[in-house]
Amino acid sequence: MRRPIAPAVVMAGCLALAGCGGSADGTDAAPDLSVRSAYMPQPVTESLAAGYLTVVNKSDSSDDLVSATSDIAEDVSVHETSGQTMKEAGPLKIPAGGRLVLESGGNHLMFEKLKHRPKEGETVSVKLRFTKTDPITVEMPVKSATYQPTSAKSSSTSSNSHH
Amino acid sequence: MRKKTFAAVLVATAALSLTACGSSDNSSSPVAEVSVETGPEKAATVLDKPFEKPDLVLTDTQGKSYDLREATKGQPTLIYFGYTNCPDICPLTMNNIAVAKKQLPKAEQDKLRIVFVTTDPERDTPSELGKWLKGIDPAVVGLTGSFSTIQGSARQLGISLEPPTKDKEGKVTSMHGTQVVAFSPKTDAGYVLYGEDATVDDYTKDLPKLIKGQTP
């Protein structure tokens with residue numbers, strides 16, 4: 001949050017976004033989570049695939065995405081991109097009144113050792129587990145390998161391409 | 001002055017489209033001398049000082065020695081550094097290029113050299129690379145070899161790579177390159193860069209020019 005650059009602009013971004021993690025978090029109301037924009041780009045092989053989605057939290061209570069499982073893969077992990085590397089992420093916060101975005105170039109789900117290589121048009125089921133909320137099962141459509149959602153243009157992908 | 005404007009616009013876009021503030025990672029990667037005249041809408045960054053093509057000899061997916069300069073001399077060439085155990089950016093980047101390539105006339109497709117150099121040579125053996133590239137475009141040249149050779153050639157192209165690391169549980173963390181470098185068939189120099197956010201449409205639009213050694 002405390003970034004030396006262009007504070008006014010960063011702040012505008014936060015305001016537009018409903019909650020940058022710092023808002024009222026103390027209430028005990030149960031988080032109200034929903035998942036949208038889920039997709040899996042058709043993977044190259046059956047050994048590895050990525051999944052993207054957005055978890056929206058409409059309540060005043062934050063939650064965390066802890067883990068994920070899927071019938072189609074031996075192992076699913078929540079993965080984070082940090083600079084030029086990717087590694088397993090700890091629980092990812094879904095701020096009260098905010099959202100957690102898993103997107104290309106940023107955090108994502110990593111599916112390993114798949115039973116078969118999912119093809120465009122198929123659907124992959126993935127179960128997300130949270131700290132407070134009951135698990136949510138998401139039917140994730142398999143899109144083309146080069147599919148890009150039109151709405152959310154990643155911010156993190158651009159962080160490497162300029163000073 | 002131009003440079004400053006460019007950076008500010010990007011920051012603004014980034015902040016506005018961000019959904020969780022403060023999560024973006026600001027790693028400082030080496031950035032080449034770039035010309036900003038292309039503006040932020042363009043995916044291509046045209047270099048003021050093109051890169052010399054690295055004098056790189058590695059092993060291809062057939063297990064044969066591949067001399068980059070010799071094999072791609074006078075050919076339009078795209079080079080990307082990545083690894084096959086990469087779920088996100090590496091397959092997207094390679095697929096974007098492969099899909100764009102398919103839209104070229106056959107003769108131009110045959111001219112274009114696409115080279116994928118692994119950043120994780122220990123796991124990416126010639127056969128692993130071959131298997132992976134078959135799922136993208138079998139015509140892509142996949143190269144593996146000693147990490148220090150790969151690291152050295154990447155460095156010559158302004159791409160910084162660290163060797164893969166292994167944690168206590170044996171999980172390997174590898175690094176992918178930050179950009180695709182396009183080499184001109186006229187000069188054999190690396191004159192255009194594409195970042196991770198370059199799309200199929202960007203490559204589709206630019207490849208016909210790159211193949212002729214023109215500036216996109």
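Could you give every pair whose Cβ atoms fall below 7 Å, whose first residue belongs to segment B:121-135 and is more than 14 Å from A:Leu48 (Cα to Cα), and whose second residue is among the charged types (D, E, K, R), counting only separations of at least 6 or pairs across chains?
Cβ pairs passing all conditions: B:Pro126/B:Asp60.
Give the residues of segment A:102-123 that are assigned to a strand (DSSP E or B) and over 11 Å from A:Leu48 (Cβ atoms), sorted by residue number.
A:Leu102, A:His108, A:Leu109, A:Thr123
Report the residue count in segment B:161-184 for those that are farther than 23 Å from B:Lys209 by Cβ, at the interface with chain A (Cβ under 8 Å from one of its Cβ atoms) and either touching a residue at least 40 places away in the same chain (Cβ under 8 Å) or under 15 Å from the mean Cα position of the chain (by Cα) (or both).
Of the residues in that region, 4 qualify.
A:Glu74 is checked against (1) touching a Lys or Arg at 6+ places or on another chain (Cβ under 9 Å); (2) within 12 Å of chain B (Cβ to nearest Cβ) and fails just one. What number does that condition carry?
The one condition A:Glu74 does not meet is (2).
Quick one: is B:Leu58 within 14 Å of chain A (Cβ to nearest Cβ) and modelled with pLDDT of 90 or more?
no
Among residues belonging to segment B:74-88 that are within 14 Å of chain A (Cβ to nearest Cβ) and part of a strand (DSSP E or B), point out the one that is surrounded by the fewest Cβ atoms within 10 Å (Cβ to Cβ).
The extreme case among them is B:Tyr80.
Can you pull out every residue in segment A:54-69 that is free of Cβ contacts under 8 Å to residues at least 60 places away in the same chain and touching a Lys or Arg at 6+ places or on another chain (Cβ under 7 Å)?
Matches in segment A:54-69: A:Val56, A:Asn57, A:Ser62.
Here is a list of conditions, (1) touching a Lys or Arg at 6+ places or on another chain (Cβ under 7 Å); (2) surrounded by fewer than 21 Cβ atoms within 10 Å (Cβ to Cβ), and B:Phe183 meets all of them except one; can you say which number that is?
Only one criterion is unmet by B:Phe183, namely (2).
For segment A:96-139, enumerate the residues that are surrounded by 23 or more Cβ atoms within 10 Å (Cβ to Cβ) and of a type in the set (Phe, Trp, Tyr).
The one that is surrounded by 23 or more Cβ atoms within 10 Å (Cβ to Cβ) and of a type in the set (Phe, Trp, Tyr): A:Phe111.
The values are calculated or read from the model by the stated rules, or taken from the named source; none is laboratory data. What you see is a predicted model, and the numbers here were worked out from it, not measured in a lab. Note: ideal-geometry Cβ built from the backbone for every residue, glycine included; neighbour counts use all protein chains shown.
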